[in-house]
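The values are calculated or read from the model by the stated rules, or taken from the named source; none is laboratory data. Note that the coordinates shown come from a computational prediction; the quantities given were computed from them, not determined experimentally. No Cβ is skipped: glycine too gets one built from the backbone with ideal geometry, and neighbour counts run over all protein chains shown. Accessible surface is based on the protein model in full, side chains and every heavy atom, while ligands, DNA and RNA are left aside. Shrake-Rupley method; radii C 1.70, N 1.55, O 1.52, S 1.80 Å.
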Amino acid sequence: MSVAILSGIIILLALVVLLVVGMPIAMALAIASILAILPVLNFDAAVLTGAQRIFSGISIFSLLAIPFFILAGNIMNRGGIAVRLINLAKLFTGQTPGALAQTNVVANMMFGSISGSGTAAASAMGSMIAPIEKDEGYEPSFSAATNISSAPSGLLIPPSNVMITYSLVSGGTSVAALFMAGYIPGLLWGLACMSVAYILARQHGYRAEHVFASKEAWKVMADAIPCLLLLVVVIGGIISGVFTATEGSVVAVVYSLLLSMFCYHSISLQDLPRIFEESAEMTGIIIFLIGTSSIMSWVMAFTNIPEAVSAGLLGLTDSRILILLFINIILLVVGTFMDMTPACLIFTPIFLPVCMALGINPIHFGIFMIFNLCIGTITPPVGTTLFVGVKVGGVELESVVRWLLPFFAALVIALLLVTYIPELSLWLPGLMGYVK
């Protein structure tokens, strides 16, 4: 048995066992990686090298973007932005059957992209819209399912922390290119959810809402424009080269803080210590994950596991369609029990070489992998966004899953479109000169 196969089996078995017994993912990654390298190195050398890899894995300047985007997102969650985006969404969905559900989808797309968090979007939007929908006669499980299914769309619409993580682990794929590539798939996610919500609303007789008077509409837009300008400033600055993604994350913090404190007056100085504390906790978890995953990336490279997987898949079939379908199925299964960040860190080094051997652009692969893993965040048994949405909606998981099934079907169709039509991901980056 080759070293690559033996080490791969050790990693797989160790991860399964450690995760089943409740070991934190970061620790499970480190321990499984050390065990997998023991057939090649002695224990002392393996542990010492592992420790070095943790520090080298997190000693990267571009990683500073993650804590700053997390901080910006937490400021926005407290900053009164959600209600203004909901009102703005009503302008575009007020005449549609099931208008409140459609509003939920559009608001999740906007707030998720600004905050960079699907769970934050599900929590903020669900807690505000669900009571209104209940008063209007909407089935609470339908409302919760719409909120849950649409919340991850903002993870594809930049800025997105998982895109920064993918850029790091894929060997330096352009963050700006990934940001541009996420727009159309993110909008496609939202349109898929809106289509299902429209059909279900027609079936159950959920009506349209009132139309805003022109004076009222202008006020709603004026209130929301400062929120949306954040995306223009940050993404525009990154794309135009005025600042890097890391510098853009700092701009996002400053802008969101000024907006929340001096424009909307929704955050005071007394709120800041708690916001900083929550951001530091979340940052610590993600950075430690990246550090321990660096051990696994090194072990895989040292033992040639990606090459073995690539040779195995390409040996089974040379059909690009079948290989991409196989990769998607694996990622869909993985996403049901693993969070996006560790899944991205583990499976990018395994599947990216396979896709590159098939001539697939790393930007395209990153987008359809992120799209795939986003579905996992709303899928039992470990979907974080799913459980947040259920809790906020005040409903039982069993009742929500029945309503989620048509949303899952629509999202899988959208995933296949993103997978097999590269232009959906590559057209905008190509337009900006990021793809030759």
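Remarks
- Taken together, GLY80, GLY98 contain a single residue that is on the phi > 0 side of the Ramachandran plot, touching a Lys or Arg at 6+ places or on another chain (Cβ under 8 Å) and not hydroxyl-bearing (Ser, Thr, Tyr), which is GLY98.
- Selection within the range 388-436 - of a type in the set (Lys, Arg) and in a helix (DSSP H, G or I): LYS391, ARG402
- Residue, least open to solvent (accessible area, probe 1.4 Å), within the range 270-290, restricted to residues that are of a type in the set (Val, Ile, Thr) and at pLDDT below 85: ILE290
- Pair list, Cβ under 7 Å, 6 or more apart: the range 87-100 residue closer than 15 Å to MET125 by Cβ, other residue among the small types (Gly, Ala, Ser) and in a loop (DSSP other than H, G, I, E, B): ALA99/ALA208
- Filter pass, LEU231 being in a helix (DSSP H, G or I), touching a Ser or Thr at 6+ places or on another chain (Cβ under 7 Å) and either modelled with pLDDT under 85 or farther than 30 Å from GLY366 by Cα (or both): yes
- Close contacts from the range 235-248, counting a first residue that is farther than 16 Å from ILE66 by Cβ and open to solvent by less than 20 Å² (accessible area, probe 1.4 Å) and a second that is among the aromatic types (Phe, Trp, Tyr) and in a helix (DSSP H, G or I), with Cβ to Cβ under 7 Å and a gap of 6+ residues or different chains, come to ILE235/PHE179.
- Within the range 120-165, the set of residues being of a type in the set (A, V, I, L, M, F, W, C) and in contact with a Phe, Trp or Tyr (Cβ under 7 Å, 6 or more places away or on another chain) comprises ALA121, ALA124, MET125, PHE142, ALA145, LEU156, ILE157, MET163.
- Qualifying residues in the range 138-162 (those that are in a helix (DSSP H, G or I) and among the hydroxyl-bearing types (Ser, Thr, Tyr)) - the one surrounded by the fewest Cβ atoms within 10 Å (Cβ to Cβ): SER141
- Residue match in the range 329-352 (condition: more than 28 Å from ALA51 (Cα to Cα) and of a type in the set (D, E, K, R)): no
- So ILE378, is it in a helix (DSSP H, G or I) and either under 13 Å from SER149 (Cα atoms) or in contact (Cβ under 8 Å) with a residue 60 or more places away in the chain (or both): no
- Looking across the range 397-430, the residues that are open to solvent by 70 Å² or more (accessible area, probe 1.4 Å) and in contact (Cβ under 8 Å) with a residue 40 or more places away in the chain come down to ARG402, ILE413, LEU417, TYR420, TRP427.
- Of all residues in the range 357-399, those satisfying the criterion of being touching a helix residue (DSSP H, G or I) at 6+ places or on another chain (Cβ under 7 Å) and farther than 20 Å from GLY154 by Cβ are ALA357, LEU358, ASN361, PRO362, HIS364, PHE365, PRO380, GLY394, VAL395, LEU397, SER399.
- Looking across ALA192, ALA177, ALA217, one residue alone is part of a helix (DSSP H, G or I), at pLDDT below 85, open to solvent by less than 50 Å² (accessible area, probe 1.4 Å) and at negative phi. It is ALA217.
- Only one of ASN304, ASN328 that is out of contact with any Asp or Glu (no Cβ under 8 Å at 6 or more places or on another chain), among the polar types (S, T, N, Q) and closer than 16 Å to THR419 by Cβ: ASN328
- Only listed residue being out of contact with any Leu (no Cβ under 7 Å at 6 or more places or on another chain) and part of a loop (DSSP other than H, G, I, E, B), chosen from SER266, SER294: SER266
- Residue selected from the range 376-390 under the condition among the β-branched types (Val, Ile, Thr) and open to solvent by less than 10 Å² (accessible area, probe 1.4 Å), by the criterion modelled with the lowest pLDDT: THR385
- Of all the residues in the range 124-137, those that are open to solvent by less than 10 Å² (accessible area, probe 1.4 Å) and either in contact with a Leu (Cβ under 9 Å, 6 or more places away or on another chain) or closer than 17 Å to PHE408 by Cα (or both) number 3.
- Enumeration of residues in the range 339-366 that are assigned to a loop (DSSP other than H, G, I, E, B) and either buried (at least 21 other Cβ atoms within 10 Å of the Cβ) or of a type in the set (S, T, N, Q) (or both): ASN361
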